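Written below as structure tokens is the structure these notes are about.
The values are calculated or read from the model by the stated rules, or taken from the named source; none is laboratory data. Computed from a prediction, not measured in an experiment: that's the story for all the values here. Positions of Cβ are backbone-derived with ideal geometry, glycine not excepted, and every protein chain shown enters the neighbour counts.
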Amino acid sequence: MPASSGNGTVTRSTLRQQIADALRDEVLAGRLQPGQEFTVKEIAEQYGVSATPVREALVDLSAQGLLEADQHRGFRVHEYSLADFRGMIEARGLVTDGMFHGLAKGLVAPPAGGPADGPAGGFTGDGRGPRSFFVRAGDPRAAAALAGVRRRGEEARRAATAGELNILIGYDLRFWRELGALFGNQYLTDFLHRLRVQSWVCAVQHLRGLGDLRGRLWSGHTEVVDALTRRDLADAHRIVDAYDLHSLALIEGLANGHTGLPADGGEEKGRGKDADADAEPDDDTAPAGNGDTLG
């Protein structure tokens, strides 16, 4: 499992992260079920590593809300409730709204005669400041960044249309993380990513029991990017709001025993959306599934 570094060694921190990623993917794939218990020794033997990086990885996942630590029994997969899912959807919606609000402020033209990306405009021009990618229409940095995010969205759309849940989760998580990174605030990006991982963990326990998911999972990723590319933040808001409503309707229905899934409607701009979404591969190749490619 561990990947080698350039000198043929694997650092403990690298191993710790690899184990945490692998176990998170096991939870997202449904191979580790909510409430399932295991010990540090069992995981260490499974992966053929020492107990120390395993314990550290499990503590990390506990801090992320995916596991629960039991002093006497080891660890168990956290069991999320429907109320938890509602809270996650609300929280991630508020984060996304805040990001879009910040982008809206970034679209305001600087005073006449002031530099578009200098102090008069309220932004830096080095690509690191908040909203820097959205300061100027036609900025090649913004175009390149959005093009990359759109590629993730295209892969997520294809996976959603085909009902490939594992692949969808991987590209969906990466899509939202890279889109959030354009805002320029790493703390906000990390928080949104954590919320999306948790909401996927909550959703998959309901989705895994279904058969054919083709056309039922939200596929409007590229629509969000297109709206941002047009600098139409109102439309981007509408698309994401519709997605969140679809997520709630779908998971609440399944939790209450209703197996009739609402249609995605992602092909109609901003109407209807899917279950939920979130894990991320490290390159531009299509993820093979959660177990190997989500990061």
(request) Name the residue, out of Ala22, Ala3, Ala44, that is at pLDDT below 85 and among the small types (Gly, Ala, Ser). (result) Ala3
(request) Output the residues belonging to the range 61-94 that are in a helix (DSSP H, G or I) and crowded, with 18+ Cβ neighbours inside 10 Å. (result) Leu61, Phe85, Met88, Ile89, Arg92, Gly93
(request) May I ask you to list the residues in the range 176-191 that are without any contact (Cβ under 8 Å) to a residue 60 or more places away in the chain and assigned to a helix (DSSP H, G or I)? (result) Glu178, Leu179, Ala181, Gln186, Tyr187, Thr189, Asp190
(request) Among the residues of the range 41-79, write down those that are among the β-branched types (Val, Ile, Thr), touching a residue at least 12 places away in the same chain (Cβ under 8 Å) and either under 17 Å from Gln205 (Cβ atoms) or in contact with a strand residue (DSSP E or B) (Cβ under 8 Å, 6 or more places away or on another chain) (or both). (result) Val77
(message) Looking at the range 173-219 only, could you name the residues that are surrounded by 24 or more Cβ atoms within 10 Å (Cβ to Cβ) and polar (S, T, N, Q)?
(response) Ser199, Ser219
(request) Name every residue in the range 220-245 that is in contact (Cβ under 8 Å) with a residue 12 or more places away in the chain, surrounded by fewer than 22 Cβ atoms within 10 Å (Cβ to Cβ) and of a type in the set (Gly, Ala, Ser), in order of residue number. (result) Ala242
(request) Identify the single condition in (1) crowded, with 16+ Cβ neighbours inside 10 Å; (2) at pLDDT 85 or above; (3) in contact with a Phe, Trp or Tyr (Cβ under 8 Å, 6 or more places away or on another chain); (4) of a type outside the set (Lys, Arg) that Ala142 does not satisfy, given that it satisfies every other one. (result) (2)
